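The values are calculated or read from the model by the stated rules, or taken from the named source; none is laboratory data. Because the structure is a prediction, the values reported are computed rather than measured. With ideal geometry, Cβ positions are generated from the backbone for all residues, glycine too; neighbour counts draw on all protein chains shown. Note: areas computed on protein heavy atoms with side chains; ligands, DNA, RNA excluded. Shrake-Rupley method; radii C 1.70, N 1.55, O 1.52, S 1.80 Å.
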Amino acid sequence: MQALQKVDAAPGLEVREVPPPERPGSGEVLIRVEATGICGTDVHIAEWTPGYEFMAAAMPVTLGHEFAGTVTEVGSDVGAVAKGALVAVRPSVVCGYCPACKAGDADACTNRRGIGVMRNGGFAPLICVPAENCVPVPAGLDPAIAALTEPMTVSAEAVDTGEVREGDRVLVLGPGTIGQGIALFAKAAGASEVVVAGQNDGPRLETLNRLGFDKTVDTAGRTLMDALTPYLKAGKFDVVIEATGVPAVVQPSLEVLRKRGILVICGIHPEPARVDLTRLVREHQQIRGSYRAPIATWSRVLSYLAEHSELVQAMISHRVPLSEALTGFGLARSKSASKVVVLPQV
Ligand SMILES: [Zn+2]
Ligand SMILES: [Zn+2]
């Protein structure tokens, strides 16, 4: 079968012919992959930006950690996962025997192996995964939308971390998939106003408009404070959620946050940010990090996607077959695309 792989510790990816996975063992299922999203992490791995050196031990490895597919074969001891079911797959595979796993805190597993990073992922027609990583997809949901589940759990966790509540005014920095999801979940949490800022980000801000957010600003050529002037008349924001990975936005985002407000950071930053801590102290503000969501968030996000499937379609800007995955990566790298989804069965 064909698979999109990282072959060596250098820039680049290859679509290669690889043997299909073996029959599922105990606790495993074989999945026919229906749709796999291309994420910023995949683009970083393709470009071989620093921070992924640990992957060398797993190469060649098939990328793809945001996917949904149909269970076609089940091994023994797979619990309730049934043949024929459409599932979204949590990419985080835990060991089950380290002290954290034994204590029931699998999230803190010290031997975690990410699907699509340290073991073969979803840019291939078939994949074998642990049954316990499969989350059932509500009936009738488009698999490409189900493939948005993983990034949307990251968005939901950021909103939960910011404790967004009824009536809050929320600023989202970064209009990519994660930022789009944050805007949706902030609104679902009862935010009275959601403003989204990007930089040279016309197409993705338009996607937000289609998702129902008309308060979008492009900061190109001006400061964040200037760009937000019309919205700051009503006061500073209660919660600011950062999804840009740009260290230079951290300090300005604290300056548009109210006293005692919460700044959530969920971008992956290539270098440390400079923060005026004295100002932070006097403003009594909090900075919180947010990353992987707990397992329970997965079914909540899938229910949300099913309930709003018409709307969230707008998040997917391109669908490409596996043979054109590299073209898809080119699109994902440009700011003209929102989510690019690879369809391995086409
Ligand atoms: Zn991702
Ligand atoms: Zn473990």
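Hey, what did the chain get for relative contact order, percent, Cα under 8 Å, at least 6 apart?
Taking the mean separation of contacting Cα pairs over the length of the chain, I get 18 percent.
Roughly how many Å is it from the Cα centre of the stretch 289-346 to that of the stretch 25-77, as a whole number?
Here the answer is 14 Å between Cα centres.
Quick one: grab the alpha carbon gyration tensor of the stretch 180-230, order the square roots of its eigenvalues as a ≥ b ≥ c, and give me rounded if a/c is under 1.5, else prolate or oblate depending on whether a/b is larger than b/c.
oblate
Find the relative contact order for the stretch 1-154 and round it to a whole percent, using C-alpha pairs within less than 8 Å whose residues are 6+ positions apart.
32
Over the alpha-carbon set of the stretch 163-289, work out the extent along each principal axis and list the three values in angstrom, largest first.
40, 32, 26
Lysine pairs in the chain with alpha-carbon atoms under 17 Å apart, 8 or more places apart or on different chains: how many are there?
Step by step, the pairs that qualify in the chain add up to 5.
Please turn the phi angles of the stretch 10-25 into ³J(HN,Hα) values with the Karplus equation 6.51 cos²θ - 1.76 cosθ + 1.60 (θ = phi - 60°), one per residue in order, whole Hz, x for glycine and proline.
7, x, x, 9, 9, 8, 10, 7, 9, x, x, x, 6, 4, x, x
Whole-Hz ³J(HN,Hα) for each residue in the stretch 39-55, computed from phi via Karplus 6.51 cos²θ - 1.76 cosθ + 1.60 with θ = phi - 60°, x for glycine and proline: what do you get?
Rounded to whole hertz, the list is 10, x, 4, 4, 5, 4, 5, 4, 7, 6, 6, x, x, 10, 4, 4, 5.
By the scheme Lys and Arg +1, Asp and Glu -1, what is the net charge of all other residues having a beta-carbon under 13 Å from that of VAL7?
Once all neighbours under 13 Å are counted, the net charge is -1.
What accessible area per residue comes out for the chain, rounded to a whole number of Å², with a 1.4 Å probe?
For the chain, the per-residue accessible area is 44 Å².
How large is ³J(HN,Hα), in whole Hz, for each residue of the stretch 308-322 in order, when computed from phi with the Karplus curve 6.51 cos²θ - 1.76 cosθ + 1.60 and θ = phi - 60°, using x for Gly and Pro?
Using θ = phi - 60°, the values come out as 10, 4, 4, 5, 6, 3, 4, 6, 8, 8, 9, 10, 10, x, 4 Hz.
Mind jotting down a quarter of the surface of the convex hull over the alpha carbons of the chain, in square nanometres, one decimal?
Averaging across all directions leaves 17.4 nm² for the Cα convex hull.
Which percentage, to the nearest 5, of the DSSP beta bridges contained in the chain is antiparallel?
Around 55 percent of the beta bridges assigned by DSSP in the chain are antiparallel ones.
Counting only protein heavy atoms and using a 1.4 Å probe, what share of the accessible area of the stretch 163-289 belongs to carbon plus sulfur, as a whole percent?
Taking all protein chains in place, the stretch 163-289 shows 51 percent carbon and sulfur surface.
Label the stretch 57-121 by shape, choosing from rounded, prolate and oblate, from the square roots a ≥ b ≥ c of the eigenvalues of the Cα gyration tensor; if a/c is under 1.5 it is rounded, and otherwise prolate applies when a/b is larger than b/c, oblate when it is not.
Oblate, since a/c reaches 1.5 and b/c is not below a/b.
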